[in-house]
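Below: the structure, in structure tokens.
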Amino acid sequence: MSETGTISLDLGPRSYDICVGEGLLAESGRRIAALGHRAPAIVVTDETVAGLHLDTVTRSLEAAGMASRGIVLPPGEGTKDFNGLIRLTDAILDLAPERRSLLVALGGGVIGDIVGFAASAVLRGIDFVQIPTTLLAQVDSSVGGKTGINTRHGKNLIGAFYQPKLVLADTGVLDTLPRRELLAGYAEIAKYGLIDDPAFFAWLEENGQAVIAGDAAARRRAVVTSCRAKAEIVAGDERETGRRALLNFGHTFGHALEAETGFGPDLLHGEAVAIGMVMAFNLSARLGLCAAEDAARARRHLAAVGLPTGLDRLPRSAIDPRALVSHMHQDKKVRDGRVTFILARGIGKAFIAENIDLGDVEALLQDAAAAA
Ligand code: NAD
Ligand code: GLY
């Protein structure tokens, strides 16, 4: 086992550790047993992750003297809905859990979000642990306690803030992750540099390729730095009444693009965020808020690692500027055609910009669509 970085997320009685390192799956039993739950651990995962990593966790729990039961769900976003929640909670209740039972979410953001939500509701709340296995889940979704499911009204509209007791991010499991999923997670890593850590962004410009190629030390540093940044923001604003909104940098554009592509395989969440961050920078530059060179620098880095930065790879039907702006209308608080966005005054200088004119946003989207 190589070096482990541990970050504490300080939320008073809901505080927890986020451990990052290679080989943590094999150590998960000891670390989970130390939380002191008596009843068997219920490990929930998806079919893909079950085939790759479930045995390691089960054996590790056994070695630490903890019995476990497994629940395996189908992979993909389709699992994260009301039907999936019914299936999952029924399967959990079939195992006759007690208040002191523990759920373990082993998988990407889909598993983390639905298991966290089930944990908040089963027996009015039982403890859960996050073992994120995608890069996106390691640097974003497993930390901070946002849990939930999708409905026909949109993504993540039903859920709860419910913090895990522990996060174990084993960077070694990223070796089995498809490259496209890895890159999508990388967009969220770059986001932390772009919102408030210019030195980290500069480090990523030098080392991003190593992070993606699988260099263990670079990966660990990127995940630790990201989790530390998220932990610091969440500790100060758990329920997103203020600064936590910075974590949505690139997401207003990105979410509209995801909605227009049907949240399907044409565009992964992290890919949408990468395009959205470039658009947020371009809008900032157009409004005279940041230098054009900063916007170009952000785009250059995302493109250099292989992320999409424009609308060119998307179906034409999904990039209609009016339709995209109409999603933003539904998505955010719009007043008199003006909306709140996360914009940037430079690399590492994101801020909450109120009162942005949607006409400016549509003009930007028109230019981006014309260039595609
Ligand atoms: P995902 O959970 O669907 O995982 C992507 C794919 O990778 C799946 O097919 C999965 O089976 C597979 N996989 C997972 N780990 C693997 C591994 N180690 N090796 C090989 N394959 C592996 O997707 P995701 O990108 O991790 O998460 C997306 C979800 O996260 C969305 O539902 C999104 O809404 C949510 N999200 C939540 C938050 C939050 O704060 N709660 C933040 C961002 C995103
Ligand atoms: N992913 C954004 C947040 O957790 O607030």
Residues located in the stretch 8-64, provided they are of a type in the set (Val, Ile, Thr) and either open to solvent by 20 Å² or more (accessible area, probe 1.4 Å) or free of Cβ contacts under 8 Å to residues at least 40 places away in the same chain (or both): THR48, THR56, THR58
Against the conditions (1) open to solvent by 60 Å² or more (accessible area, probe 1.4 Å); (2) within 25 Å of GLY125 (Cβ to Cβ); (3) β-branched (Val, Ile, Thr), where does ILE71 fall short? Just the number, please. (1)
Let me spell it out: the conditions are (1) within 16 Å of the chain's Cα centre (by Cα); (2) more than 8 Å from ligand 1 (Cβ to nearest atom); (3) among the charged types (D, E, K, R); (4) open to solvent by 10 Å² or more (accessible area, probe 1.4 Å), and ASP113 meets all of them except one. Which number is the exception? (2)
So, in the stretch 331-362, of the ones that are in a helix (DSSP H, G or I) and in contact (Cβ under 8 Å) with a residue 60 or more places away in the chain, which residue ends up nearest to GLY288 (Cα to Cα)? ASP360
The stretch 136-162 - residue that is modelled with pLDDT of 95 or more, open to solvent by 20 Å² or more (accessible area, probe 1.4 Å) and not aromatic (Phe, Trp, Tyr) and, of those, nearest to ALA105 (Cα to Cα): SER141
Pairs with Cβ under 8 Å, 6+ apart, first in the stretch 182-196 and farther than 17 Å from GLY306 by Cα and charged (D, E, K, R), second assigned to a helix (DSSP H, G or I) and away from ligand 1 (no atom under 11 Å from the Cβ): ASP196/ALA229; ASP196/LEU246
Could you look through the stretch 119-133, keep only residues that are open to solvent by less than 30 Å² (accessible area, probe 1.4 Å) and in contact (Cβ under 8 Å) with a residue 40 or more places away in the chain, and pick out the one that is farthest from ILE42 (Cα to Cα)? THR133
So which strands (runs of 3 or more DSSP E) are wholly in the stretch 86-170 and hold at least 2 residues that are at positive phi? 154-161
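The values are calculated or read from the model by the stated rules, or taken from the named source; none is laboratory data. Given the structure is predicted, the values throughout are model-derived calculations rather than measurements. All Cβ positions, glycine included, derive from the backbone under ideal geometry; neighbour counts span all protein chains shown. Each accessible area value is taken on the protein alone, full model and side chains, heavy atoms only, with ligands, DNA and RNA left out. Shrake-Rupley method; radii C 1.70, N 1.55, O 1.52, S 1.80 Å.
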